[in-house]
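Worksheet: the structure to be examined is printed underneath.
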Amino acid sequence: MTTWTIKNSTGSVSQRHLTIPTFDMRQIIFHTVDKPTMVFGTAQKNITKEINLNCEFVRRKSGGGAVFLEPEGVLWVDFVIPKSDHLWENDIGRSSLWLGELWAKALKEIGIEGKVHRDGLLKNRFSSQVCFAGLATGEVSVLGKKSIGISQRRTSEGAWFQCAALFSWPVEKIVDMLQLKPREKAIEDLLHLAAPIECNSEELATALLKQVF
């Protein structure tokens with residue numbers, strides 16, 4: 001049976017997004033968020049020239065919209081698998097389903113019903129700017145609102161999945177930082193698209209590990 005190596009990571013959010021992990025074994029990496037940081041997807045190349053962020057920012061090595069990380073607000077967990085692993089899926093459109101199922105089982109362990117999105121990418125006018133506005137295959141919703149996001153980077157050696165489970169959803173702050181217009185409509189729409197998980201992040205992390213051991 002293939003086992004997982006568990007790691008805990010601290011330090012600069014920016015540096016950890018820019019450091020590619022090794023793909024020689026399965027890894028689960030739990031990250032501590034030390035300060036508010038806006039994480040942009042690769043498609044958002046010029047956005048930092050157009051807005052004035054009052055926090056640190058970094059551009060991750062995978063696509064999608066921005067994710068706002070702040071201490072206690074997000075459970076950030078990376079999953080790394082080598083290409084030789086049986087969890088590897090050649091069809092990138094389905095490659096995150098196993099991970100969404102893992103998160104859904106963890107939520108069920110603590111009494112929360114999560115639904116894994118199995119269809120194609122659901123887009124709207126904010127999904128290219130805000131990660132939690134869209135819904136991709138494998139991502140998890142609770143009561144119809146996205147609560148766990150997954151981004152992925154693949155290389156010839158393996159896959160690196162970056163997961164964010166919401167424990168706060170500061171839409172007003174996000175709308176203001178990204179200068180989304182019209183402001184009140186953007187706030188209203190984002191509140192309907194995503195929501196935080198009603199539990200303790202440590203509780204969910206413990207439940208998640210139970211699914212792999």
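The values are calculated or read from the model by the stated rules, or taken from the named source; none is laboratory data. All values derive from a computational prediction rather than experimental measurement. Methodologically, a virtual Cβ is constructed for each residue, glycine included, from the backbone with ideal geometry; neighbour enumeration extends over all protein chains shown.
Contact map, segment 25-36: residues that are more than 19 Å from residue 152 (Cα to Cα) paired with residues that are of a type in the set (D, E, K, R) and assigned to a strand (DSSP E or B), Cβ distance under 9 Å, separation 6+ or inter-chain. Pairs shown: 35/56; 36/56.
Kindly indicate whether residue 125 is among the basic types (Lys, Arg), surrounded by fewer than 21 Cβ atoms within 10 Å (Cβ to Cβ), under 23 Å from residue 22 (Cα atoms) and out of contact with any strand residue (DSSP E or B) (no Cβ under 8 Å at 6 or more places or on another chain). First the steps, then the outcome.
Numbers: among the basic types (Lys, Arg): yes; surrounded by fewer than 21 Cβ atoms within 10 Å (Cβ to Cβ): yes; under 23 Å from residue 22 (Cα atoms): no; out of contact with any strand residue (DSSP E or B) (no Cβ under 8 Å at 6 or more places or on another chain): yes.
Spelling it out, it is not the case that residue 125 is among the basic types (Lys, Arg), surrounded by fewer than 21 Cβ atoms within 10 Å (Cβ to Cβ), under 23 Å from residue 22 (Cα atoms) and out of contact with any strand residue (DSSP E or B) (no Cβ under 8 Å at 6 or more places or on another chain).
Quick one: in segment 145-176, which of the residues that are among the polar types (S, T, N, Q) and touching a strand residue (DSSP E or B) at 6+ places or on another chain (Cβ under 6 Å) is surrounded by the fewest Cβ atoms within 10 Å (Cβ to Cβ)? Outline the logic, then answer.
At the first step, the residues of segment 145-176 found to be among the polar types (S, T, N, Q) are 147, 151-152, 155-156, 162, 168.
Narrowing the set further to residues that are touching a strand residue (DSSP E or B) at 6+ places or on another chain (Cβ under 6 Å) leaves 147, 151-152, 162.
Working: 147: 25, 151: 23, 152: 20, 162: 24.
So, considering only residues that are among the polar types (S, T, N, Q) and touching a strand residue (DSSP E or B) at 6+ places or on another chain (Cβ under 6 Å), the one surrounded by the fewest Cβ atoms within 10 Å (Cβ to Cβ) is 152.
Would you confirm, using the coordinates I've provided, whether residue 3 is within 27 Å of residue 190 (Cα to Cα) and of a type in the set (S, T, N, Q)? For residue 3, the condition - within 27 Å of residue 190 (Cα to Cα) and of a type in the set (S, T, N, Q) - is not met. When the residues of segment 177-202 are narrowed to those that are of a type in the set (Asp, Glu) and loosely packed, with under 15 Cβ neighbours inside 10 Å, which ends up nearest to residue 84 (Cα to Cα)? Here the residue is 202. Pairing residues of segment 188-213 that are on the phi < 0 side of the Ramachandran plot with residues that are of a type in the set (Lys, Arg), at Cβ distances under 6 Å and at least 6 apart in sequence or on separate chains, gives 194/145; 194/146; 195/145; 211/105.
The strands (runs of 3 or more DSSP E) found entirely in segment 101-172 that carry 2 or more residues being in contact with a Pro (Cβ under 9 Å, 6 or more places away or on another chain) and over 21 Å from residue 33 (Cα atoms) are 158-166. When 50, 56, 89, 101 are checked against the criterion of being in contact with a helix residue (DSSP H, G or I) (Cβ under 7 Å, 6 or more places away or on another chain), charged (D, E, K, R) and either over 24 Å from residue 22 (Cα atoms) or at pLDDT 95 or above (or both), a single residue qualifies: 56. Filter segment 35-45 down to residues that are surrounded by fewer than 17 Cβ atoms within 10 Å (Cβ to Cβ) and either of a type in the set (Ser, Thr, Tyr) or at pLDDT 90 or above (or both) and give me whichever is nearest to residue 13 (Cα to Cα). Filtering first and then ranking leaves 35.
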